[in-house]
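Values quoted throughout were computed directly from the atomic coordinates according to the rules given, and no laboratory measurement underlies them. Being a predicted model, the structure only gives us computed values, none of them experimental. We place every Cβ from the backbone using ideal geometry, glycine too, and count neighbours over all the protein chains shown.
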Amino acid sequence: MQRAALGALRAGPRPCAPPPARAFGGSRPVLAADKEALLALRRRTGLSFVHCREALLRFGTDLRQAEAWLAQRAQEEGWSKATQLRGRAAREGLLGLLQHGRAGLMVEVSCETDFVARNANFQQLVRDVALATMAHCGGGGPALSPGLCLLQRFLGTEELLRVRMEPGGAELRDRLALAIGKMGENMALRRAAWLAVPQGCHIAWYVHGSPPRRTPKTLGKYGALVACRAPGAAPPSPEVAALCRQLAQHVVGMAPQALGTPQDEPGGGDGEGRLLAQDFLLAPGSSVAQVLQPHGVTVLDFVRFRCGEGAEEEEEGGAAGR
C-alpha cells in the first residue's frame, strides 16, 4: 500500500479532465451559430456584446425580435441617461446638409466630444435628422404662392424633437434617446434651417470641416445654403451651378452678416459684413456683386451655421433660468 502511494507521488498528479465547454449565458455550450448571431446582432445594433447576448438568450436565433427588444431597451436607457446627462456641455457635433429638388436643409446635432462626432452611429443620427426634417418642412418641391420667391423655415430644439421620422412614426426625441443609450453622451438637436425656391431658381450648398475616415461630404463643422436666381431655364447651367457653389463656399469662409445690395461700396468699412460688397473669396479684387453681375445671378438669401456657435450663451442662459 505504501509502495503504491509513493509510486503515485513520484509519477506526479494525474491529468485533470478537460474543463466543460463554456456555457452561453451559463446554460448551454457556445455554438458557432450563437457566435455568428451575436456578431450579426452587434453589427446591426452597435450595442455591446453583453446586451446582444442577453437579447439572444431571450429570443434564441430570432434576430428580428432580439433587435426590436434591444432598440426598446436602448431607448429606455437613453431616456434615463438623457436625464442624468442633462446640463453637461455639448459643444461638439456636426452639421448635416441636404438638397432635394428646389429645397435645401441644414441641421445641427450636438454632442460632448469630437470622438463621438467621428462615430458612424452619430453621423447616421445626423443624416436621419436631416431626412426627417426635410420631409417635415415640405420636401424638395413645395408650391409657392404667386409673387413669393423664397420660403424659409427655422426650427429650434423643441420643434425638432417633435418631428416624426415618418408619417405616424416615432418622433426624433425617441431617435435621440436611442443614440444617447448607445453612446452614453449628452446630445441635442440644436437647430435647422430650410430654404425653398420656385422654378428658375437654385439652392447651392457648401460644407467644410468634415471628419476623416469616409465621412460623407454632406457633414461638417461649417455650412452654408444660398438661394440664387439665374436667367434661363431650370436647372441652371453647369457654369452657373458651379458659381453658386463657389458663392456658398465664400459664405462659409467670409461669414457675412447680411445680404446687402449691389449698390453697396465694395471692400471694407460698413460693407465688410454685407455679402454683395465683400471681396469674392476666389476672385480677390472683385466684389461678390461684380463677379455675379456678368452671369445675371441674383442672390435671394443665405444661411450660415458654425457648429457650436452660441452654445456657451445658451448654457449660461439655461443655468440662469434654473
Subject >> Estimated inter-spin distance, GLU159 and PHE115, nm [label 7 Å along Cα→Cβ] >> reply: 3.6 nm
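Based only on other Cβ atoms within 10 Å, what is the fewest-to-most ordering of MET165, MET106? Walk me through the numbers on the way to the answer.
Working: MET165 17, MET106 25.
If I rank by nearby Cβ atoms, fewest first, I get MET165, MET106.
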**OP:** Among VAL129, ALA227, GLN246, flag the residue with its Cα farthest along the positive direction of the charge dipole of region 92-307, charges on Cβ as +1 for Lys/Arg and -1 for Asp/Glu.
**Re:** VAL129
Subject >> Virtual paramagnetic centre 7 Å along Cα→Cβ of LEU259, amide N under 12 Å, in region 223-239 >> reply: 226-229
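Sort LEU94, LEU155, LEU70, LEU281 so that the residue with the fewest other Cβ atoms within 10 Å of its own Cβ comes first and the one with the most comes last. Don't jump to the answer; show the numbers that get you there.
Working: LEU94 29, LEU155 21, LEU70 26, LEU281 16.
Ascending number of Cβ neighbours within 10 Å: LEU281, LEU155, LEU70, LEU94.
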